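Engineer: Please see the structure below; I have some questions.
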Amino acid sequence: MDAIIKKLGECMQAKIIVVSLVYFCLTLVHVGAASAEEATAKPESTRQYQIVFSTFDKNSAGKYAYLRDSVQAMLAGRLAAKDRVRVMEKTFSEGELASLKKKGTDKNLSFGGVNADYLVTGALFALTSGLEIQVELYPLVPKEEILNFSVRSPTPDTLIADIDKLSEEISQTAFGYRAAVPGKEAKTVDVEGNRGFVTVHPEEAYKRNQYSGAVIGVAGSGVVTKGRGAKITATEPVNMRAMALGDVNGDGQQEILLLAGQDLLLYGTRDNAIVQLAKTSLPGNLTVHAVNLADLDGDKKDEVYLSATDGLNVSSTIMKYDPTGGFQTISRNIPWYLRPVMIPGKGWQLAGQKRGMERLNLLSPGVYLLSLDTKYNITNQARIALPTSVNLFDFVYADLDGDGFYEIVAVDQREKLRVYNPGNELMWVSQKNFASSKIYLGPSRSGSSGKSVRGFFTLDEDADRELIFVPARIIVTDIDKDGKQEIIVSEGTKTGFSFFNRLRLYDSGAVVSLAWTNSAMVESWRTSNFRGYVAGYGFTLLDESQAREKQGTKNDTTAKTGVTAGRLFIGNLPKSGSLVDLIPGGSETDLSVYDLEFTHQKIKK
């Protein structure tokens, strides 16, 4: 690999001077000689485009980091060579970038009196299979959608050709240099009998009344997904922050635990209805950022693990529930962020992470295994070997390819899903954003004080504070019982309306199942879009596969190898991100429960 990198560096050094000079000259005169392909593929219009490049991100580029400027210059130079495209470059602050990326408003970013059409951002990722380049075009005019592009270069010999390919794809899609080939409409299966659509454009989806929450099977995924009966729903007048799923009373059924403000609300499903079973209030000084259920003491009842802070201090809590006595606190003021984690070969274990020593440092590097004694006292055992920058709430272990070795699936602070091999080497990174969450560690930004007070940030400290977000739950399951585990995760669409650039607001969301196929994560099914914010979800497999016989006919091109059933739970805030949600009493949470059936299809050879 070192020899490959050295060769790649020599190749780039030989090319970069020429590319930079060409790009500079073409940018100044706004002209370029058309390539042979462009001569036969005329642009669809004569519209002129102005695009602005921001500095590409190299934080995950690893050994390829030194190529960042070269890659950006080559791509900019190729786009500048188009006769209708003018390329500019500018360094933006974090706040400026956040503002420019907002949807739905005219940004009025102009150069020479001409408004720019797109902001171009990018990132480089060092994967085990080579260098991946991801590029996003953010529209700077209303009613246009974000465009995502990527290319992977496995060897130095293909890098220049791969950048050529990437520039042509951008030119065709964004600037109309060649008519795009229409994609085939995805075949879908709708739980409720109404037509569902796979869509990445929430505004158009809403106009077409697609916010039904139906579950959609994705064609070609190898798993047929369909519903079993009608979904169960309930609307509660609370502002849900988090959800956990588990058996807290030992009855063998899955209960739903919601965190809403300072209240814990327990729900169950009874006679095709969602009913509230219990409620308790938490101390007002606690800010809970994660709720998890797990049976770590072996009594067949899940404990409640609340990872929380009290002001600037970590102060987690462990609780239990009894149908007669209600919720009881069995350990409090725990100076660890807490989360139960399924560890390969060890089962469910308690893991934790500490805060840093400085006031602004709410998180210290290192995730550790913890042990609980019979009195729930915690002892530090050993540090878990994780990739750099992966924190306690960011990851799960999953055997994605069924080889008996577990990969790490993690979400970074940019909401990008990552897959690492057992050696903690990056194998894949998503273009889309997943595990959408508005929850971050520590006190609310609205709780700052104008003066230095123990337990609270000052206004200046709060302004300098880096928000560390706690991603939504990553669920690991083997839906079709084929030995290859899938993950279930949320996908949110951020709204363009925000009072603070650093905070997150969402105007739609969905829950998606992803499986590892051909060295990448691909969708196997998803819900259609929910309006607002998907604040929590859970999934459990039902033990019904043995009750169904294998089916198939001689004329089929596929054969059913088994049927499994599962139950999907979703908590959604439909008014989140709207002005209605700011009105006292205007918050509400929609709870939905779906019974699903999955059939694994194997292509006959």
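Values quoted throughout were computed directly from the atomic coordinates according to the rules given, and no laboratory measurement underlies them. From a predicted model like this one, the values you see are computed outputs, not experimental measurements. As a convention, Cβ positions derive from the backbone with ideal geometry for all residues, glycine included, and neighbour counts pool all protein chains shown.
Engineer: Taking the Cβ of D263 as the center, what net charge do the other residues with Cβ under 14 Å away carry, scoring Lys and Arg +1 and Asp and Glu -1? Each step should come with its number before you reach the end.
Structural biologist: Values: positive: R241, K279; negative: E236.
Around D263, the surrounding residues sum to +1.
Engineer: In whole angstrom, and with the biggest value first, how far do the Cα coordinates of the range 113-171 range along each principal axis?
Structural biologist: Over the range 113-171, Cα extents along the principal axes are 41, 18, 18 Å.
Engineer: Next up: At 0.36 nm per residue, minus the direct Cα-Cα distance, what do I146 and T128 gain on full extension? Give it in nm, one decimal, please.
Structural biologist: Working: separation 18, 0.36 × 18 = 6.48 nm, distance 2.80 nm.
This chain segment gains 3.7 nm when fully extended.
Engineer: Additional query: Relative contact order, percent, of the range 267-397 when contacts are C-alpha pairs under 8 Å separated by at least 6 residues?
Structural biologist: Values: 252 pairs, mean separation 19.3, N = 131.
In percent, rounded to a whole number, it is 15.
Engineer: I would also like to ask the following. Label-point separation (nm) for D297 and V522, each offset 7 Å from Cα along Cα-to-Cβ?
Structural biologist: 4.7 nm
Engineer: Quick one: which residues, 5 or more positions from D263 or on another chain, have an amide H under 5 Å from its amide H? H modelled 1.01 Å from N in the peptide plane, none for Pro or chain starts.
Structural biologist: Result for D263 returns L282.
Engineer: Gap in Å between the Cα centre of the range 454-483 and the Cα centre of the range 386-425?
Structural biologist: Value for the Cα centre distance between the two parts: 15 Å.
Engineer: What is the range 292-392 by shape, rounded, prolate or oblate, if you read a ≥ b ≥ c off the alpha carbon gyration tensor as root eigenvalues and call it rounded for a/c under 1.5, prolate for a/b larger than b/c, and oblate otherwise?
Structural biologist: Working: a/c = 2.34, a/b = 1.33, b/c = 1.76.
Taking the square roots of the gyration eigenvalues as a ≥ b ≥ c, the range 292-392 is oblate.
Engineer: Please report the projected area of the range 272-326's Cα convex hull averaged over all directions, in nm². Before the final figure, lay out the partial values.
Structural biologist: Working: hull surface 20.7 nm².
It is 5.2 nm².
Engineer: Then there is this: Using only the Cα atoms of the range 302-460, build the gyration tensor, take square roots of its eigenvalues as a ≥ b ≥ c, and label the shape rounded, prolate or oblate: rounded if a/c is under 1.5, else prolate if a/b is larger than b/c, else oblate.
Structural biologist: Values: a/c = 1.93, a/b = 1.22, b/c = 1.59.
Here the range 302-460 falls in the oblate category.
Engineer: Full-extension gain between D69 and Q276, please, as 0.36 nm times their residue separation minus the C-alpha to C-alpha distance. It would help to have the intermediate numbers written out before the result.
Structural biologist: Values: separation 207, 0.36 × 207 = 74.52 nm, distance 5.67 nm.
Result for the pair: 68.8 nm of gain on full extension.
Engineer: A further question on this structure: Between T158 and N285, 0.36 nm times their residue separation minus their Cα-Cα distance comes to what? Don't jump to the answer; show the numbers that get you there.
Structural biologist: On the way: separation 127, 0.36 × 127 = 45.72 nm, distance 5.70 nm.
In short, 40.0 nm is gained.
Engineer: Cα centroids of the range 242-291 and the range 306-385: how far apart, whole angstrom?
Structural biologist: 19 Å
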